[in-house]
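Below is one structure, written out as C-alpha cells; the observations come after it.
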Amino acid sequence: MMNQAKVALIDKAPNRTDYVRHFNNAFEFDQYHLCSEQKKKVLKRDVDIEIDLDQYDWIILVGSEALIFFTNERSVTEHSGRLIDNKFLPVINPAMLSFKPEARRTWEESLGNIIGYIEGSLKPIEYSTEKFLGVEDTATAVSWLKTAIEECGEYIACDTETSGLFPRDGHVLGISLAYKDDEGVYILSDVVDEEVESLMQKLFTTRIVIFHNAKFDLAMLEYHFGFTFARVEDTMLMHYLLNENPGTHGLKQLAMKHTKYGDYEKPLSEYIDSYCKRNRVLKSQFNWGMIPFDIMKVYSAMDSVVTFTIFHLFKEAIAKNPKLQKVYDTLLIPGMLFLKDCQDAGVPFDRKRLEVAQNLMEKDIAEAINNLYNFKEIKIFEKGQGKEFNPNSTVQLRSLLFDYIGLKPTGKKTGTGAHSTDAEVLQALGAEHEVPQYILDIRQKSKIKNTYLDKIIPQLDRDSRLRTNFNLHSTTSGRLSSSGKLNMQQIPRDNPIIKGCIKATEGNKIVAMDLTTAEVYVAAALSGDKNLQQVFRGGGNFHSSIAKLVFKLPCDVADVGDRYSLERQAAKAVTFGIMYGAGAMKISQQVSKDAGSYFSVKEAQEVINDYFHQFQDLKKWLEHCKVFIEANAFIYSTFGRKRRLENVKSSDKGIASHEVRSGINFLVQSVASDINLAGAIDMQNYIREHSLKAKIFALVHDSVLAEVPEHEIDHYCEKLKKFVQFDRGVYIENCPVGCDFDVSEDYSNGKFEKKYGGLLT
C-alpha cells in the first residue's frame, strides 16, 4: 500500500460500497460524503460536506454529483480516470459493476490511471502550444501550405470552424490542418485568396484527408470554397466501428482517452461560459464567430492534430479486423458521402401547404381547448383548485382524471412512481370518458404544430427546401438516425399533414420506395428456414399467409384479413415479436391492442408454439444466436458490423435477457438497414454517372425518398429496385426482398389533398 500522498474520496451519500476493496487496497484515503443523509438524488441545497481541500494532494470524486459540485464538468463517464485541475480524479461509481458489466473496462482503465497519479508513475499532462499556429495573413498561409505540400506524407488532417451548423446558414471562419501529431495550423478564412485556395486544393487532391465527422466539414468546404477531395477518412466513423455505443464519439472525449492533449478544449469552454455570463447571452444563442482569433487559433489547430493522432491509432485497430475494415470501406465511408449529397438535396416543402396546415392546427387546438373547458368536471376542478386548468400540466391532469372525474388508473407508472398520463394511458381512459380523448387530441395537434410546423417554416432555405441531418453513427443497431432542423424518422404517420407538405416541385414527383417486411425477410434468409422462405416465394399478403399457415385457416390468403382479422393480428405480432424475444405476455398485450379484442396469454403461448412448429429452423437459429451471445458477449452481422453485448454477463437476469434480445434485434435490423443503404448508395452513384436529375433526399426507416422528374420515374424505379434487390449475401433464392413504390405529388401519397385539399383554394 502507498502512503506518501494524502488522498480524499468523496461520494454522494452514505452507502455500503467497499471502496477499499474496489481500489485494491492500493492507497489509504479519507472518505467524505456530499450529503450526510442517504438520498437518491443530492441537490445543491442538500450538500453539507465539511472538507479542507488544501489538506489533500488528490481528491477522488465518485459519481456525477461529486464531479458537478467540485468542477465545471458534468459527465463522469467522459472524465472517469482523467485528471481535472491537477487535483481532482473523477471516477464512475463502482457499485454499477454488479449490474452493468460493460462499465468494467471504464472502471479498470480509471483505476489504473488513479493509482498511477497517486503513486507518481503518471504525471499531469504538459505540452507546449508553440507549434499550434494561427495565420492571419496570406503570405504566411502560402508559405505554410507550400511547406506542407513538400513535407506532408500520405495523410493530412483537416477541420473547419464555422458560424453555423449548415452550409447555407453560416460561413467558414477558418480551416485547420495538421500532418504531424504535435504541430498544426489554423488559417483564417479571410486570408484564403486564389493562391491559397489553389494550394489547399492541391493538398486535398494529392493526399488522403482525415476529418472527424467528415460529412459536416466536406459539406462546408464544398459549398463555400468548391473544394474537391480525392479520398477522405473519418475518425468519428472509425471510432463508431470500434465502439458503437452512442455518446462516445466526440473529439474531446477521444482526445482525453487516446492522446496527451487531454481536455484541450477547456480554455475555450471557459471563455464561452464567461462570455455568455458577462454579456447575458444564452449558450444556445452563442456562435463561434464571437470567439477572438487568439483563443480560437490554438484550439482549432489542435482539433486537426488530435484528429491526425487518433486516426493512426484507429486505423491500426480496424486493420486487425477484416470484418470491420470491410464495413468501413464499403458502407460507412460511401454511406457518409451519400448522406452528404442527400442532405444537400434537401427535403422539398410547399410553403403554402405549411401555412395552411399551421393555421388549421391553431384553429383545431383552440376549438378542442374550448370544448374541453365546457366539461363540468373542468369547472369543478378549477373551483376546487382556485386556478385555471392547464392541459399541459401532468400534475393537474392527474388530479383531474383520477380525483375529480374518478377514473381508475391503468396501473402504468412514471419513473417517479406517479400514475402515468401518457398517450397510451389517455387512449385507454378515452373509452370511459371524453376528457382524455380531448386531452390526447390537443397534445397530438400541439406537437404537430410546435414540433414541426412552427419550426419548419422559418428554417426553410430560399429554394423552399429544408436541409437536416442523417447520421450513420447514432444507433447501436446500425440503423440511420436523423437530427438537426427536422427528425425525418419521427414524422407523424397517422396524420398526413406533415407528409403532405413534403411536395415535389413542378414537373417532378415524390417517389417513395419501401422495403416490405424486410427484417422478417432477413431472418428467413439467415435462418435458412425453408417454410418461412416459401411464404415469401408464395407472394400475396405476408401476414395473411402466415396466419393461414399457423392457424390452418379454411380460406384463401386474400380473405384472411376480412374473415380472420384477430388471427392475422396474432400472426403479425408473433412474427415481429418472437425475433426480439417477446414472450406470451407481450404478445397478448400487443394483439389485444391491435385487434381491439382481448387475446389471452394462454392463447398467445399456443400461437407461439404453433408458430415455431411451422418454422423450426427459425427457432433453432434464434436459439443458436442466443447461445453465441451469452457465451461471447458480442455478435457480428452478416455485413461485418460488431455489436458488443457485455451486459449479457450481468447478474441481473432482466438486464442480461434484454442484452440477448438487443443482439438478435441487431442481427435483423442492421442487415435490413444496410441492404437499404447499400442500394441507395449504388443508386446515387448511378444518378451521378448518368447525369440524371433525380434527387434522393431522405432515408426513413426502410424507405428511400426521392424527387424525380416525371420522365425519369420509370427508369429510376427500375434501377433502384435492381440495386436494392442485388444479392449481397442475404438472399432467398429466386425471391429477392420486396420493394413497394409510391409515386405521388407529395409524401402523403395524396392523403393530404384528400383531407385538406379544400383549404388550399
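Here, each number is a calculation from the coordinates, and none is a lab measurement. All values reported here derive from a predicted model rather than from experimental measurement. We place every Cβ from the backbone using ideal geometry, glycine too, and count neighbours over all the protein chains shown.
Side notes on the structure shown:
- Each of 308, 69, 381 was scored by other Cβ atoms within 10 Å of its Cβ. Listed from fewest to most, they are 69, 381, 308.
- Packing, taken as the mean count of other beta carbons within 10 Å per residue, orders the peptides 457-470, 283-296 from highest to lowest as 457-470, 283-296.
- Per residue, the average separation of C-alpha pairs within less than 8 Å and at least 6 apart gives the chain a relative contact order of 11 percent.
- For the range 530-614, the convex hull drawn through the C-alpha positions has a volume of 84 cubic angstrom per residue.
- When the alpha carbon gyration tensor of the range 132-320 is reduced to an equivalent ellipsoid, its three semi-axes come out at 24, 22, 15 angstrom, largest first.
- Rounded D (µm²/s) - the range 255-312, Kirkwood Rh over Cα pairs, Stokes-Einstein at 10 °C, 1.306 mPa s: 127 µm²/s
- Where N is the number of residues in the range 667-706, Cα Rg divided by 2.2 N^0.38 Å: 1.25
- Based on the convex hull around the alpha carbon atoms, the range 548-667 presents an average projected area of 8.5 nm².
- Beta bridges per DSSP, both residues in the chain: antiparallel share near 65 percent.
- Potential lengthening between residue 451 and residue 329 on full extension [0.36 nm per residue; Cα-Cα distance subtracted]: 40.2 nm
- Length-normalised contact order for the range 1-133 - Cα pairs under 8 Å, 6+ apart - percent: 22 percent
- Rh by Kirkwood over Cα pairs, then Stokes-Einstein D for the range 50-89 at 0.890 mPa s and 25 °C, µm²/s: 237 µm²/s
- The relative contact order of the range 584-679 comes to 17 percent, based on Cα pairs under 8 Å that sit 6 or more residues apart.
- Ranking of 232, 395, 20 by count of other Cβ atoms within 10 Å, fewest first: 395, 20, 232
- Pairwise Cα inverse-distance average, inverted: Kirkwood Rh of the range 283-339 (Å): 14.3 Å
- Model label sites at residue 273 and residue 21, defined 7 Å from Cα along the beta-carbon direction, differ in position by 3.7 nm.
- Ranked by the mean number of other Cβ atoms within 10 Å per residue, highest first, peptides 517-523, 682-688 order as 517-523, 682-688.
- Within the shell of other residues whose beta carbon sits under 9 angstrom from the beta carbon of residue 634, the net charge comes to +2, with Lys and Arg scored +1 and Asp and Glu -1.
- Three principal axis lengths of the range 613-655 [C-alpha, angstrom, descending]: 34, 28, 14
- Residue exposure sequence - 114, 681 - by fewest surrounding Cβ within 10 Å: 681, 114
- Close amide H contacts of residue 234 (hydrogens built in the peptide plane, cut-off under 5 Å, sequence separation of 5 or more or a different chain): 211.
- Distances between every pair of Cα atoms in the range 351-450, grouped in 10 Å steps from 0 to the bin holding the largest one, split as 14, 45, 29, 9, 2 percent.
- Range of Cα positions in the range 201-305 per principal axis (Å), largest first: 45, 34, 24
- Mean Cβ neighbour count within 10 Å, used as a protection proxy, ranking 75-81, 225-231 highest first: 75-81, 225-231
- Diffusion constant of the chain at 20 °C, which comes from Stokes-Einstein with the Kirkwood Cα-pair radius and 1.002 mPa s, µm²/s: 72 µm²/s
- Label zone at residue 351, where the point sits 7 Å out along the Cα-to-Cβ direction: the range 734-756 residues whose backbone N lies under 20 Å: 746-747
- For residue 287, neighbours were defined as the other residues whose beta-carbon sits under 14 Å from its Cβ, and their charges (Lys and Arg +1, Asp and Glu -1) total -1.
- Each eigenvalue of the Cα gyration tensor of the range 7-119, multiplied by 5 and square-rooted, gives one semi-axis; in descending order these are 19, 17, 14 Å.
- Above-threshold pairs, the threshold being 24 Å between Cα atoms, out of 503/755; 40/387; 449/755: 40/387
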